[in-house]
Structure formats: structure tokens, C-alpha cells
Amino acid sequence: MGYQIAIDGPAGAGKSTIAKKIAGKLGFIYVDTGAMYRAMALFLMNKGIDATDAAAVSLNCKDADITIRYENKEQVVYLNGENVNGMIRTEQVSNMASVTSANPDVRKKLVQLQQKLAADADVVMDGRDIGTCVLPDADVKVFLTAGSRVRAERRYKELVKKGEECDIDVIEKDIIERDRQDMTREISPLTAADDAVLVDSSYMTIDEVADAIMKMTAKKS
């Protein structure tokens, strides 16, 4: 069993950025579980499946082969053999993933892969239910959060940088709704593990957050 660092939290809290940075510092494998759920959402969208049609989601998700490979020290997500890194970061895919990730068959399929990765190597894994469900015995557990407006501003800047037109108020509204869906879903809701350390990144730099988590890791090792 490898050393496991679990980072949970709501959308836009900076989980992926922080997890990547810590994995790089420690030489661990970074497992972006959100990217896996996004890849599943993309697969279902491409098949024209309605996110609210649970039976269709359950039936079709079994046909998705989602794998993670590391190429040039970067995580690449493959969906049925195709590199989909450049297709899974849109708002449409994010909103689809927030709904379909609550499907028990989708979660079962992806959690098995996540646990296998963590059993075979030292990992930093981020998501919504890593410390509570996927890696309940993780060595370090962090619940990373930030205010909804702060998260909306971060997302707004990302989209503007990509040349996309967007409305910060709409983005914040989507984030608040996604939080509600994630926290109230029946299966594996977004919640902090009892033994997780709460880190509010609203007024912290990326380096400050990473350093705080690195200190937790040093105490545990």
C-alpha cells in the first residue's frame, strides 16, 4: 500500500492545482479523479444521454473505458483510447459531470480504478469523496475550500485567458448550484472526513496552501 494524500473540496477550490504541486514536490503520482468523472460525462454527452435519465446513464457508462497514463510527467486521460485532456474542461462537461457522478454505477466503475492506483503507488488524489469513501485510510486528509465568489473569480480569469466570453455572476450561480448538488446527493455526498484538516484557500496563495499541506505530510511520515 502506498502513501496516500486525499484532498477533497468543492468545485473551484484549487484542489487540482494544489494536488499537482504537492505530487511534484514529493515525487508522488497525481490522480485527478475529477478528470475521470469529466471523461465519463463527455462520453455520455457524446452518446446523447440525458444526465437525468439514471437508467440510461447506468446502462451506457459500462461501455466507457477510462484510463490514466503519465506521459512527460503529465497526466493524460484516455477515453476509449482517445486523449481527451483538451475536451473535458468546458462548463458543459462540468455541469454534466456534477449530475452523472452521483450515479452509483458510474461511481462504482471509477472508484475501483482509483483504489487500484492508490494500492500500487504513492498518490495524491483529489475529488469530492476521497477521504470519506475512496481512500478512507489515507495518511493525510485535507478538505480544501474557498468562498463561492472567490472560486467564481478564479474560474472567470481562466475562461477569459482562454478567450471565452463569460459572466462572473452566472459562473458563481453555477458554482453554488454545483455545491448544492454535490453536498445533497444520496451517494458519496461532498463532506469533510471527520479526521480531515480544513484549509480555506480564499486568501492564501498556491504556495501557502501547498506548504501547509506539506507540513502535515512531514508530521505523518
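Given (1) more than 21 Å from ALA19 (Cβ to Cβ); (2) surrounded by fewer than 12 Cβ atoms within 10 Å (Cβ to Cβ); (3) touching a residue at least 24 places away in the same chain (Cβ under 8 Å); (4) not β-branched (Val, Ile, Thr), identify the lone condition not met by LEU198.
Result: LEU198 fails condition (1) only.
From (1) buried (at least 16 other Cβ atoms within 10 Å of the Cβ); (2) farther than 21 Å from GLY27 by Cα; (3) touching a Leu at 6+ places or on another chain (Cβ under 9 Å), pick out the condition that doesn't hold for GLN114.
Against the list (1) buried (at least 16 other Cβ atoms within 10 Å of the Cβ); (2) farther than 21 Å from GLY27 by Cα; (3) touching a Leu at 6+ places or on another chain (Cβ under 9 Å), GLN114 comes up short only on (2).
Given the criteria touching a helix residue (DSSP H, G or I) at 6+ places or on another chain (Cβ under 9 Å), of a type outside the set (Phe, Trp, Tyr) and surrounded by 24 or more Cβ atoms within 10 Å (Cβ to Cβ), does GLY127 qualify?
yes
Could you check segment 163-195 and list, in sequence order, the residues that are exposed (fewer than 12 other Cβ atoms within 10 Å of the Cβ), free of Cβ contacts under 8 Å to residues at least 12 places away in the same chain and within 24 Å of THR33 (Cα to Cα)?
THR184, ASP194
Read-outs throughout are calculated quantities, based only on the coordinates presented, and are distinct from any laboratory measurement. What you see is a predicted model, and the numbers here were worked out from it, not measured in a lab. Neighbour counts run over all protein chains shown; Cβ positions are idealised from the backbone, glycine included.
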